[in-house]
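Trainee: Got a structure for you, questions after.
The values are calculated or read from the model by the stated rules, or taken from the named source; none is laboratory data. These numbers come from a predicted model, not from an experiment. Glycine also receives a Cβ, built like all others from the backbone with ideal geometry; neighbour counts cover every protein chain displayed. Surface accessibility is based on the protein's heavy atoms, side chains included, excluding ligands, DNA and RNA. Shrake-Rupley method; radii C 1.70, N 1.55, O 1.52, S 1.80 Å.
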Number of protein chains: 2
Amino acid sequence: MATKVEQTTKEKVKQTAQKLFREKGYAAVGMRELAKEVGIQAPSLYNHYKSKDDILREICMDMAAQFFTAFDAAIATEQKAGRQLRAVIRAHIGVVAANMDSAEVFFQEWIFLEQPALGKFKKMRLEYETKFRGILDKGIRKKEIKKVNTKLATFAIFSALNATYDFMRSTEKLSQEQMADELADLLLKGLKT
Amino acid sequence: MATKVEQTTKEKVKQTAQKLFREKGYAAVGMRELAKEVGIQAPSLYNHYKSKDDILREICMDMAAQFFTAFDAAIATEQKAGRQLRAVIRAHIGVVAANMDSAEVFFQEWIFLEQPALGKFKKMRLEYETKFRGILDKGIRKKEIKKVNTKLATFAIFSALNATYDFMRSTEKLSQEQMADELADLLLKGLKT
DNA sequence: TTGTTTTGCTAACAACTGTTAGTATATGGC
DNA sequence: GCCATATACTAACAGTTGTTAGCAAAACAA
């Protein structure tokens, strides 16, 4: 028990920023608005973060770390490409479900990062894509997966995965596991009977 | 011949806005910056549009109309769900390819629309989703398509389609038709051998 | 020609932006 | 107790925001 008590101001700032950045976009959220929602004055935010960009950076970098960790853990549990893909999809959705606000900020608002964080972020993003694409490439070599354009397929799959937060916020409810299985089936087996 | 000559200032404003809104996000683009890129002064923009929001509204509504038209035309050419789906995917990608900047603005920046345009937009979006979902539902009834959660599948397919503009801007090049076929195959037949 | 509409300009507005300086109060270690 | 750190505050900054007023020149209609 006791999972939400004892939240520091800094944590509250981060959480509120995640919510507001997602709802209105980074550029459209002012420091005064953020502060008000937290229950403090704008300048007090600077006791916890160096700048507005610093808040965004922490959100994005934390999420990146989570996605990487979950990916690596998932990939290690399986050998065959199809099963690895399924595991990665499940892991990815797990992270999104556990961080509904920040996951969306991570995917949509990272463009507002300033250098050098922006460069670092792009590099990580590319690395993640490449790792993912590697599963497909390996699967094709072992003939477990059809010969497809792996770059296009990777883009498509990522986007489909990121659709999960739209779905999670919609009226229709499904468990994380059901969503992951449905999506994995769709991507692996297709729609056709 | 002669397809780009004789561009009115208003057209130039719209085109420039599409480019900037896509690159930096609606909220991060100022009227002065937009005007400078067009080659006029900021207040002169108001000779062509009533407000900043008015520009965004025109971009979004024009794209919505294009997607609807292309969708309806595509759906009319086929009977079977699988083939309809393929036709719709091809049509959708065609619209994205022909409007690479505005399509992305349409998908990402519509949140900044003000009422009543925002409400109208959401309604249209829902209508599009519902129409699309209708194809899947019909296909399932006729047993041409597997029993899936059509809402989740619709979300996933839309997202995958919107990945096309990322792909189009990446290094790897594919024709519109190849992209459409690759994606349709992926979604209909799946990745598994 | 005339009058009218369109399209551009400069100057300026009130509101808002992220941020800093300087200060007071509370908190925790010794 | 005392000192240091952390955290909050108010006041204010320089710059930017979307937008309006008022005016001039060009374009067009008669």
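Trainee: Among the residues that make up segment A:141-163, is at least one of them among the hydroxyl-bearing types (Ser, Thr, Tyr), in contact (Cβ under 8 Å) with a residue 60 or more places away in the chain and out of contact with any Asp or Glu (no Cβ under 7 Å at 6 or more places or on another chain)?
Mentor: No, every residue in segment A:141-163 fails to be among the hydroxyl-bearing types (Ser, Thr, Tyr), in contact (Cβ under 8 Å) with a residue 60 or more places away in the chain and out of contact with any Asp or Glu (no Cβ under 7 Å at 6 or more places or on another chain).
Trainee: Within segment B:91-113, can one find any residue that is over 30 Å from residue B:179 (Cα atoms), within 14 Å of chain A (Cβ to nearest Cβ) and open to solvent by 10 Å² or more (accessible area, probe 1.4 Å)?
Mentor: For segment B:91-113, residues over 30 Å from residue B:179 (Cα atoms), within 14 Å of chain A (Cβ to nearest Cβ) and open to solvent by 10 Å² or more (accessible area, probe 1.4 Å): present.
Trainee: Which residues, counting only those in segment A:180-193, are more than 7 Å from every other protein chain (Cβ to nearest Cβ) and open to solvent by less than 50 Å² (accessible area, probe 1.4 Å)?
Mentor: Let us first name the residues in segment A:180-193 that are more than 7 Å from every other protein chain (Cβ to nearest Cβ), namely A:180-181, A:184-185.
Selection gives A:180, A:184.
Trainee: Further question on the same structure: Do we have any residue at all in segment B:97-113 that's without any contact (Cβ under 8 Å) to a residue 12 or more places away in the chain, more than 10 Å from DNA strand D (Cβ to nearest atom) and touching a Gly at 6+ places or on another chain (Cβ under 8 Å)?
Mentor: Yes: segment B:97-113 contains one or more residues that are without any contact (Cβ under 8 Å) to a residue 12 or more places away in the chain, more than 10 Å from DNA strand D (Cβ to nearest atom) and touching a Gly at 6+ places or on another chain (Cβ under 8 Å).
Trainee: Within segment A:76-86, track down each residue that is out of contact with any strand residue (DSSP E or B) (no Cβ under 9 Å at 6 or more places or on another chain) and crowded, with 18+ Cβ neighbours inside 10 Å.
Mentor: A:84, A:86
Trainee: Got a sec? Which of A:35, A:65 is more than 16 Å from DNA strand D (Cβ to nearest atom), without any contact (Cβ under 8 Å) to a residue 24 or more places away in the chain, within 23 Å of residue A:100 (Cα to Cα) and more than 14 Å from chain B (Cβ to nearest Cβ)?
Mentor: Residue meeting the stated conditions: A:65.
Trainee: Quick check on segment A:16-71: of everything there that is among the polar types (S, T, N, Q) and surrounded by 19 or more Cβ atoms within 10 Å (Cβ to Cβ), which residue is nearest to DNA strand C (Cβ to nearest atom)? Before the answer, list the steps.
Mentor: Filtering segment A:16-71 down to residues among the polar types (S, T, N, Q) leaves A:16, A:18, A:41, A:44, A:47, A:51, A:66, A:69.
Still in the running and surrounded by 19 or more Cβ atoms within 10 Å (Cβ to Cβ): A:16, A:18, A:66.
Numbers: A:16: 14, A:18: 15, A:66: 25 Å.
Applying the filter and picking the extreme gives A:16.
Trainee: Any idea how many residues of segment A:160-176 are within 19 Å of residue A:189 (Cβ to Cβ) and either touching a strand residue (DSSP E or B) at 6+ places or on another chain (Cβ under 6 Å) or not hydrophobic (A, V, I, L, M, F, W, C) (or both)?
Mentor: Adding up the residues that qualify gives 1.
Trainee: While we're on this one: When segment B:153-180 is examined, which residues are found to be assigned to a helix (DSSP H, G or I) and more than 23 Å from residue B:68 (Cβ to Cβ)?
Mentor: B:166, B:167, B:169, B:178
Trainee: For residue A:144, work out the one condition from (1) within 17 Å of residue A:22 (Cα to Cα); (2) in contact with a helix residue (DSSP H, G or I) (Cβ under 6 Å, 6 or more places away or on another chain) it doesn't fulfil.
Mentor: Status for residue A:144: all satisfied but (1).
Trainee: Within segment A:118-128, can one find any residue that is facing chain B (nearest Cβ under 8 Å), surrounded by fewer than 16 Cβ atoms within 10 Å (Cβ to Cβ) and in a helix (DSSP H, G or I)?
Mentor: Residues of segment A:118-128 facing chain B (nearest Cβ under 8 Å): none.
Looking through segment A:118-128, none of the residues is facing chain B (nearest Cβ under 8 Å), surrounded by fewer than 16 Cβ atoms within 10 Å (Cβ to Cβ) and in a helix (DSSP H, G or I).
Trainee: Right, another one. Being at the interface with chain B (Cβ under 7 Å from one of its Cβ atoms) and under 18 Å from the mean Cα position of the chain (by Cα) narrows it down to one residue among A:162, A:149; which is it?
Mentor: A:162
Trainee: Which numbered condition trips up residue A:177, out of (1) open to solvent by 20 Å² or more (accessible area, probe 1.4 Å); (2) under 25 Å from residue B:144 (Cβ atoms); (3) more than 7 Å from chain B (Cβ to nearest Cβ); (4) touching a residue at least 12 places away in the same chain (Cβ under 8 Å)?
Mentor: Against the list (1) open to solvent by 20 Å² or more (accessible area, probe 1.4 Å); (2) under 25 Å from residue B:144 (Cβ atoms); (3) more than 7 Å from chain B (Cβ to nearest Cβ); (4) touching a residue at least 12 places away in the same chain (Cβ under 8 Å), residue A:177 comes up short only on (2).
Trainee: Against the definition (free of Cβ contacts under 8 Å to residues at least 12 places away in the same chain and under 21 Å from residue A:93 (Cα atoms)), how does residue A:70 come out, yes or no?
Mentor: Judged against the criteria, residue A:70 is not a match.
Trainee: While we're on this one: Please indicate, with yes or no, whether at least one residue in segment B:134-145 is within 14 Å of another protein chain (Cβ to nearest Cβ), on the phi > 0 side of the Ramachandran plot and open to solvent by 40 Å² or more (accessible area, probe 1.4 Å). Spell out how you get there, then give the answer.
Mentor: The first filter runs over segment B:134-145 and keeps only residues within 14 Å of another protein chain (Cβ to nearest Cβ), leaving B:135-145.
Then keep just the ones that are on the phi > 0 side of the Ramachandran plot; that gives B:143.
Narrowing the set further to residues that are open to solvent by 40 Å² or more (accessible area, probe 1.4 Å) leaves B:143.
Yes, because at least one residue in segment B:134-145 is within 14 Å of another protein chain (Cβ to nearest Cβ), on the phi > 0 side of the Ramachandran plot and open to solvent by 40 Å² or more (accessible area, probe 1.4 Å).
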